[in-house]
1. Taking every DSSP beta bridge that has both residues in segment 2-181, what percent is antiparallel when rounded to the nearest 5?
2. With the cut-off at 1.5 for a/c, could you classify segment 136-223 from its C-alpha gyration tensor as rounded, prolate or oblate?
3. Out of all Cα-Cα pairs in segment 70-199, roughly what percent, to the nearest whole number, are more than 26 Å apart?
4. Please find the FRET efficiency linking residue 125 to residue 383, where r is the Cβ-Cβ separation and R0 is fixed at 30 Å, and quote it to the nearest 0.05.
5. One-quarter of the Cα convex hull surface for segment 217-302, in nm²?
6. Counting DSSP beta bridges in the chain, what percent are antiparallel, to the nearest 5?
7. Return the Rg/Rh value of the chain, two decimal places, where both radii are evaluated on C-alpha atoms and Rh is the Kirkwood radius.
8. Remind me, what semi-axes does segment 1-118 give for its equivalent ellipsoid, largest first in whole Å, using sqrt of 5 times each Cα gyration tensor eigenvalue?
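Each reported figure results from applying straightforward, stated rules to the coordinates on display, with no laboratory input. Computed from a prediction, not measured in an experiment: that's the story for all the values here. Quick reminder, even Gly has a Cβ in these numbers, built from the backbone with ideal geometry, and neighbours come from all protein chains shown.
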């Protein structure tokens, strides 16, 4: 089975790296003689994932104004409302490999949460036109994200693998019968343990991850986070380890966390991890933390999968659904509107401290089941062959 992963933005987002890395591993473990390829917007960032059989440039192609392609596409759009030609040209780097593959695996997790994507729908149409299998891999989609056009596109897929039950239930309620429940593949990802930095208290650190994405959606959250960090420093003896997980231009966790590190450096109890580590190296640090607080989903998955009690600064269905599947409830998940309150953050942090043993016990019972569900996705994929 030759599999092409596509709609991958690049591994500067360590969550995207975690999906590709862990998916490649579990597919190759369970499907004999499988070959896994990656179409990436930033192929140079993915060279760290050595298990892949090939990495291709999947970035959009620019259409030069007044070129033949531009004129023809303009004619088709204006007179026939036909965008297929222009989207075929824009996404040529992805489409050109269809005939060489058996399965096209649409990855990214929450790609379908960000508005209408007619260009992606055109890719999907062409995959099916060539008689290839089309799979939506480990997705999360909210009720609020659904449109008629999106639903029509989802019906094209041979298989939709929802990574949590809220998405699964919602898609089934829309009449989709091609949906199966699994778990995010990153729950199975290995870790690499680097030496601990100076000041790290073994067994007594709290990791903290925050993102520009969350901060820009709730401007008051930056001050609320400052209150929380002050509370941790004033009422506990924990060391705070600031943990970036996405380092993209305009969406760089490190830049946000660096400002907090500078503000609290004088305490001697705040460490900032570097911005160049791989997903498995960040997971190696997170695994050795006592607690974790995070906005990036795959940073929190790294914590959950290592039985670290975790508080999620969530902003979508994925955070809520993953927590519900682990705990049976949305445990320590705060919505975007809640994180403008320092009092609310402190309340939830204190709850995590109080319930530490109970949370860890639940994780010990649940995580093996969740990891088995990650592997179940490969079983469903294999059934398509």
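1. Working: 0 of 23 bridges.
The antiparallel proportion sits near 0 percent.
2. oblate
3. 34 percent
4. 0.80
5. Details: hull surface 23.3 nm².
So the Cα hull casts an average projection of 5.8 nm².
6. On the way: 3 of 41 bridges.
Of those bridges, close to 5 percent are antiparallel.
7. Rg/Rh: 0.99.
8. Computed over segment 1-118, the values are 30, 15, 13 Å.
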